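Heads up, the thing below is written out as structure tokens.
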Amino acid sequence: MIGECPQIQKLKSTIERVANTDIAILILGENGTGKEVVAQLIHYLSDRRDQVLVAVNCAAITETLLESELFGHEKGAFTDAHQAREGKFELADGGTLFLDEIGDMSLGGQAKLLRVLEEKTIVRVGGSTPIATNARVLAATNQKLAELVTEKKFREDLFFRLNVLTIELPPLRDRGDDVVLLAEFFLKGFCKKARRDQIVISASAKKKLKGHNWPGNIRELRNLMERLAYMFQGEKVEAEDLEFIISPRRADASAFDMNLTLADASKSFQRQYIQQHIERAGGNMTDAASRLGLHRSNLYRKMRQLDMDGTEEDLDES
């Protein structure tokens, strides 16, 4: 889902105009801003939509394997080449090849990629026969390629070859009301998946969502909504309900003790979560239980199961 702010509307318009062309497109943006989603949108709006879209994470491929992954290899080309294999360019022939994290590709790999982009042919490792490729190439990175070119870490000729058109995705923190639109969209989907009633996001919670810096961008927001759908037991999310989930670094360090078993870590989290609700309710157990979606008696029972301090006698309502 893409929001409705002016810069996103402009982005959508650009995508619609260039999708059905074959020009090279470079997609820029921080991690989690949706670069792969944009690549998918470009592909499915083009005449190539009925062909395959092949995605490659360049940062995850070592230089020794890069050529084989992209261009394929013949049987016996190297020790483990027990049979011939098509590379990504052949698999994407007639469709789209999405090269993600292109800024992490080695200089040697960049040189080989440039040759293929210019000649529209590949040669498998261990082979000698040129194979034509009609794959449309889209590239993306979270790095500043112009600076890498200046630092001689990225080939200038490849940069200009890929950079016929640049699509830059804004970070979520700069997208205003889009944060709320996206949050409600994700939360609705996850609540349906969790088979529970829809959760309402209060005005105070919306304000907190818009004020968060979102270092993980849309991916972080999506994960937050998934946790709410499965963990939050109330019907309406208030700003204080987001505090622990949206700012985990503020939580007690014991909640992140990596020496705990999964069962003990879950128990620790539940104790901390309940205690925070009790504190926010000013010690009013009925109010705290309501926020947690429990009856007061069930809250005390849960506290006893978790070996929490306090009983129904010494945790009177204030």
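To one decimal place, what Kirkwood hydrodynamic radius in Å is obtained for the chain from all pairs of distinct Cα atoms? Can you show the working numbers first?
Details: mean 1/r = 0.0431 Å⁻¹.
Answer for the chain: a Kirkwood hydrodynamic radius of 23.2 Å.
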Under the Debye formula (equal points on every Cα, no solvent term), log10 I(q)/I(0) of the range 6-170 at q = 0.11 Å⁻¹: -0.44
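Starting with the highest mean, order 44-52, 189-197 by the number of other Cβ atoms within 10 Å, averaged over the residues of each peptide.
44-52, 189-197
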Cross-link reach list, lysines versus residue 192, counting only Cα pairs under 29 Å and skipping chain neighbours closer than eight places: 12, 35, 206, 207, 208, 210, 236, 267, 302
In sequence order, calculated HN-Hα J values of the range 267-277 (Karplus, 6.51, -1.76, 1.60; Hz; x Gly/Pro): 5, 5, 4, 4, 4, 5, 5, 5, 4, 5, 5
Built amide H within the under 5 Å cut-off of residue 167, gap 5+: 26, 27, 28
Karplus (6.51, -1.76, 1.60) ³J(HN,Hα), θ = phi - 60°, over the range 59-76, in Hz, Gly and Pro reported as x: 6, 8, 10, 5, 4, 5, 9, 4, 4, 5, 5, 7, 10, x, 8, 8, 4, x
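Whole-Å semi-axes of the range 172-246's equivalent ellipsoid, largest first, each the root of 5 times a Cα gyration tensor eigenvalue? Intermediate results must be reported in sequence, preceding the final value.
Numbers: eigenvalues 67, 33, 23 Å².
Values for the range 172-246, descending: 18, 13, 11 Å.
FYI, it's all coordinate maths here, none of it is from the lab. Computed from a predicted structure; not experimentally measured. So basically every Cβ, Gly included, is an ideal-geometry build from the backbone, and we count neighbours across all protein chains shown.
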